[in-house]
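The values are calculated or read from the model by the stated rules, or taken from the named source; none is laboratory data. If you're wondering where the values come from, they're calculated on a predicted model, not measured in any experiment. Neighbour counts are summed over all protein chains in view; Cβ atoms, including those assigned to glycine, are modelled from backbone coordinates with ideal geometry.
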Amino acid sequence: MEEDVNLRKKSELSLGGGIKLPRGFAMPFRLSRSTAGPGAGSASAVFAFGRYRVKKGVSYDSGEFELHEGGGRLYLTRGGEPFLDEVTIQPVVFHCPEQAFFNLDQRCMFSCAFCASPRLDKGTVKDLSPEAIVSMVRGAMDGGEVRSVSLTSGVVDGIDQTVERMAAAAAAVRREFPGMPIGVEPYVSRREHLEALREAGASEAKLNAEAARRDIFEKVCPDLDYGGVFEMLEAAVEIFGRGNVTSNVIYGLGESDEDLAEVAERLCAMGVIPTLRALRRNAYNGESLDAAIGSVPPVDTERALRAAGMLKSALERHGLNPRGCRTMCLECGCCDLVPFRDL
Ligand code: SF4
């Protein structure tokens, strides 16, 4: 029962606005300034309660939730009402807890409506050469536990070039840290791209279907190929193995629950573990989403709980379990309700 309540709280916290920090509160760990994922563009931190954790934007000025310190603990309120009696703040390695997750380049030649990365301040572009990545991972390992390394990237000069750069980074990490799980989240268009990444040492791959239906995909990712993503997913399962391939499906783009169940079933039947991600609108993607899909009601907690329950059944039917994944979002669990981890 306690767990059901906390699962609902995770959903509410994760779908809701940011967290306002108490005046003068010193964060116990450095803030994450992500260039990818739902929190891209905002300073954020990871809040944990029970077995749940959520990455949230934080600010000293405003927030839907408020953090308080008192009685030797931290707790959250919403609108002045108690929300969570006790939370802890978890350290992030790079971007998320226990993982060094790097965005090789936030710039992108494609224009997916939901993606904040290319719209962020260009001043946040970092030089992430393979050598720089290895040295950052080594530094992080000196300071604490690093369970895995994950790599994502916008597509800057072309798909081939971006895959090559990601493979070079994976190979450098593999050379330096032979036992380290490595996850890659590329946009690929040929089987050889996946083979190159696998050969470089990547152990898990994430190729995003992005939308539950082709017509929605064509509106929100006008430069990408929906059928091609599924072909690449099929190849990825052959190359990386069943259960080592995952795919983001963003919901809240105008699809029905049935559409979502259909795509989850399709992916699971292929041996792919879907990551069902509720659409979050923010300062960077609101305008492009309005232009692509118009005004669509936001995902609420009831829908998020329904989607997570549906996904758990689909995974069970196909003998898949996200707990076997060591990298990227399924290992992190900060932004979605993850079956077998949260429910
Ligand atoms: S769930 Fe994914 S997007 Fe969210 S913080 Fe973790 S790694 Fe980043």
**Prompt:** Can you tell me which residues in the stretch 42-51 are more than 14 Å from the ligand (Cβ to nearest atom) and free of Cβ contacts under 8 Å to residues at least 24 places away in the same chain?
**Reply:** none
**Request:** Could you tell me whether any residue of the stretch 142-161 is crowded, with 19+ Cβ neighbours inside 10 Å, in contact with a Ser or Thr (Cβ under 8 Å, 6 or more places away or on another chain) and among the hydrophobic types (A, V, I, L, M, F, W, C)?
**Result:** yes
**Prompt:** In the stretch 144-181, what count of residues is obtained for those that are within 19 Å of GLY228 (Cα to Cα), of a type outside the set (A, V, I, L, M) and assigned to a helix (DSSP H, G or I)?
**Reply:** 3
**Request:** Give the residue that is nearest to GLU331 (Cα to Cα), with candidates limited to residues of the stretch 52-95 that are among the polar types (S, T, N, Q), away from the ligand (no atom under 16 Å from the Cβ) and part of a strand (DSSP E or B).
**Result:** THR88
**Asked** How many of the residues in the stretch 105-119 are assigned to a loop (DSSP other than H, G, I, E, B), buried (at least 19 other Cβ atoms within 10 Å of the Cβ) and at pLDDT below 95?
**Response** 4
**Request:** Check VAL299 against each of (1) at pLDDT below 95; (2) within 16 Å of the ligand (Cβ to nearest atom) and name the one condition it does not meet.
**Result:** (1)
**Asked** Can you name the residue in the stretch 6-41 that is small (Gly, Ala, Ser), more than 20 Å from ILE250 (Cα to Cα) and surrounded by 15 or more Cβ atoms within 10 Å (Cβ to Cβ) and, of all such residues, is nearest to the ligand (Cβ to nearest atom)?
**Response** SER32
**Prompt:** Of everything in the stretch 304-343 that's within 14 Å of SER247 (Cβ to Cβ) and not in a loop (DSSP other than H, G, I, E, B), which residue is nearest to the ligand (Cβ to nearest atom)?
**Reply:** CYS329
